[in-house]
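The values are calculated or read from the model by the stated rules, or taken from the named source; none is laboratory data. Because the structure is a prediction, the values reported are computed rather than measured. Here the Cβ positions follow ideal geometry from the backbone for every residue, glycine too, while neighbour counts run over all protein chains shown. The protein model used for the area step is the full one, side chains on, heavy atoms only, and it has no ligands, DNA or RNA in it. Shrake-Rupley method; radii C 1.70, N 1.55, O 1.52, S 1.80 Å.
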Amino acid sequence: MSPKKAKKRAEGANSNVFSMFEQAQIQEFKEAFTIMDQNRDGFIDKSDLRDTFAALGRVNVKQEEIDEMLKEAPGPVNFTVFLTMFGEKLKGADPEETILNAFKVFDPDATGILKKDYVTDMLTTQADRFSPEEMEQMFLAFPPDVAGNLDYKNLVYIITHGEDKDQE
């Protein structure tokens, strides 16, 4: 292969972010993007992020935090940029770390614990909703403690390693 063709191929390998994901994953990212694009203008901006945080129960988000998030993007955040950013974050990411980070969004104090009622509300009312049966199965497999707390760090460990940390 000529150097010119090799360079073209190397550029093309990273340029099509859609080839990094399966069609079902792209559809899920599109749903997430649509949920976050509160004003439906095709871009995620400061007000969209603030509204998304508010919808998730976080109303006191600092402007600096939102600015930092948007600074990670090379420009306005349309769906392709959104997908590219996720691709870069997920490339080489440890699945355990990825799942933990998803839970941490709902745990701003980093306690490692979420209330069962809160988890139930989030999973049955947002995006790809869980059915009551799925919630029952989840809490049978990963029961909360007597106070109704779900130890999501242990849950993620079990999901990614197949056994309870305490049983090692």
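Structural remarks
- Carbon plus sulfur fraction of accessible area for the chain, probe 1.4 Å, in percent: 54
- Environment charge of residue 114, counting only residues whose C-beta is closer than 12 Å and scoring Lys/Arg +1, Asp/Glu -1: -2
- Rounded to the nearest 500, the 222 nm mean residue ellipticity of the chain from helices alone is -17500 deg cm²/dmol, with -39,500 (n - 2.57) taken per DSSP H run of at least 4 residues.
- The order of the peptides 67-74, 150-157 by mean Cβ neighbours within 10 Å, most packed first, is 150-157, 67-74.
- For the chain, alpha-carbon Rg and Dmax in angstrom: 18.9, 66
- Using the Cβ of residue 139 as centre and a radius below 13 Å, the other residues enclosed give a net charge of -4, where K and R count +1 and D and E count -1.
- When all alpha carbon pairs of region 61-131 are counted in 5 Å bins from zero, the resulting P(r) reads 3, 12, 15, 21, 23, 18, 7, 1 %.
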